[in-house]
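The values are calculated or read from the model by the stated rules, or taken from the named source; none is laboratory data. Here the structure is a predicted model, which is why all the values come from computation and not from measurement. A quick note on method: Cβ atoms are made from the backbone with ideal geometry, for glycine too, and the neighbour counts reach across all protein chains shown. These accessible areas exclude ligands, DNA and RNA; they are computed on the full protein's heavy atoms, side chains included. Shrake-Rupley method; radii C 1.70, N 1.55, O 1.52, S 1.80 Å.
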Amino acid sequence: QLNHNNIIHIYDLGKIQSSYYIAMEYVDGYDLKNILRRAHEHDQPMTIELALFVASKVASALDYAHRKRDFEDREMGLVHRDISPQNVLISQEGDIKLCDFGIAKAASKASHTQAGALKGKLQYMSPEQAWGRHVDRRSDIFALGTVLFEMLTGRKLFAGDNEMSILDQVREAAVQVPSQLNEEVTPEIDAVVLKALQKESESRYQTAGEMAREIDEILYSFKPTPTSADLAIFMHRISAPVPVAP
């Protein structure tokens, strides 16, 4: 039921003998995790403008999904619950697609996650998700904040030697200011990231649309404002083979 330019399109669901399948749109490109790794290997870090451009499109996709109503015009209460670089696909043409609503939870469905069960990737979880508490659309906003932090700084927000140390950081929302790691990050961009990463969900952006609007205001201050064509150029640069030292 999700039909948005920045959400991967599902064409068909089915079963062949004992195997289930999902037929979905093909994206000729890489996921964001791969892109950030390649950018590091090529010494071509993602620019501030492109990081904001990607975050804006993902926020727009989330806002659409969060507000989605079913065929009876009831609010579906969708929460993605797994916003992470692996689930953001970028094509060679600079198209941005959010994928894998596989563990998304619809409020209308009866299958509640058992209390305390951790779903999603640990380093991109919200504090409430890491505690096994109730998650809502604001949990996705926190996760998007962690992804934006990583695009801006080239580092994961939560990193540690083992899962327990990462889990503790997530639960405490131990957040570093992006500009401490990248001096090109302005106070306005810091403010957006820190608002998305507030420990208490009441203190965050209350909708992904609100976050997208604030990101777009900053984007429009860049001249020229970045487009898919700029992202395509960046994709081309990092797709080239890395030269091997003789």
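Could you please find all residues in region 170-203 being of a type in the set (Val, Ile, Thr) and either part of a loop (DSSP other than H, G, I, E, B) or farther than 22 Å from residue 134 by Cα (or both)? Reasoning before the result, please.
Within region 170-203, the first condition is being of a type in the set (Val, Ile, Thr), and the residues that meet it are 170, 175, 177, 185-186, 189, 192-193.
Of everything in region 170-203, those that are of a type in the set (Val, Ile, Thr) and either part of a loop (DSSP other than H, G, I, E, B) or farther than 22 Å from residue 134 by Cα (or both) turn out to be 175, 177, 185, 186, 189, 192, 193.
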### Task
Determine, yes or no, whether residue 157 is within 16 Å of the chain's Cα centre (by Cα) and at pLDDT below 95.
yes
### Summary
Considering only strands (runs of 3 or more DSSP E) wholly within region 1-88, the ones with at least 3 residues that are surrounded by 14 or more Cβ atoms within 10 Å (Cβ to Cβ) are 29-31
### Query
Of all residues in region 177-215, which are farther than 14 Å from residue 138 by Cβ and of a type in the set (S, T, N, Q)?
179, 180, 182, 186
### Task
Please give the number of the condition residue 206 fails out of (1) of a type in the set (S, T, N, Q); (2) more than 19 Å from residue 61 (Cα to Cα); (3) assigned to a loop (DSSP other than H, G, I, E, B).
(2)
#### Entry: Sole exception among (1) farther than 18 Å from residue 140 by Cβ; (2) under 18 Å from the mean Cα position of the chain (by Cα) for residue 41, by number
(2)
### Query
residue 186 versus (1) open to solvent by 20 Å² or more (accessible area, probe 1.4 Å); (2) in contact with a Ser or Thr (Cβ under 6 Å, 6 or more places away or on another chain); (3) of a type in the set (Ser, Thr, Tyr): which is the lone unmet condition?
(2)
#### Entry: Condition check for residue 82: charged (D, E, K, R), modelled with pLDDT of 95 or more and under 18 Å from the mean Cα position of the chain (by Cα)
no
